[in-house]
Structure formats: C-alpha cells, structure tokens
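First up is the structure itself, then whatever we jot down about it.
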Amino acid sequence: MTRRFALPPVINVIASDQEPTLVIWRGRREPVRICNRWKLERDWWKGKENTFEREYYKLLANSGTVLVVYRNLSDGAWHLERILD
C-alpha cells in the first residue's frame, strides 16, 4: 500500500556527504539506506524565479518501510513525499 502526501511534511534528515542516513519524523528515528536517487527540475526554461529543483531519494528504512523523500535545493528543506509498505 502506498501513502502519498498531498502536502509533503517537512522532516529532519541526517546526511553524510549530502546523502541521507537517518530520517526523523513524528518522533521516530529511522536509519535508512539509499535504493535510488534522481533530480527533478521543473520549468527551468522560465527562469530561476519560476522553477524549482528537487533531489529525490527512495530509501529503505531498517524497519522495512520504503520512503520517498526529497530535498528542496532552493532552501535545503527535506520533505516526505510517500511511504510504501
């Protein structure tokens, strides 16, 4: 089952060399490993003020849960987009 957030919540991420190693959300601390990563840049042709860049990660938590998170490259904030059970 997949749970996708309409408004992805801000989460805390501990990273090593810019790559997530621990996700903290709702009081839980989940060590994670990277399964996949990709970068998304939307409307880049419209100029910097009309675009966004995100770096996405599909993560496997020690609990077995798969998380899709992204880091907004304009402000550095991490968000939880999806949980896959």
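General observations
- Exposure proxy ranking, count of Cβ atoms within 10 Å, fewest first, for 16, 74: 16, 74
- Label-point separation in nm, residue 16 to residue 82, each point 7 Å along Cα→Cβ: 2.7
- Burial ordering of 56, 70, fewest other beta-carbon atoms within 10 Å first: 56, 70
- Relative contact order (percent, whole number), the chain, Cα cutoff 8 Å, 6+ residue spacing: 30
Since every read-out is calculated from the coordinates, none of them should be taken as a lab result. Owing to the predicted nature of the structure, the values given are computational and were not obtained by experimental measurement. In this analysis, Cβ positions are derived from the backbone assuming ideal geometry, glycine residues included, and neighbour counts consider all displayed protein chains.
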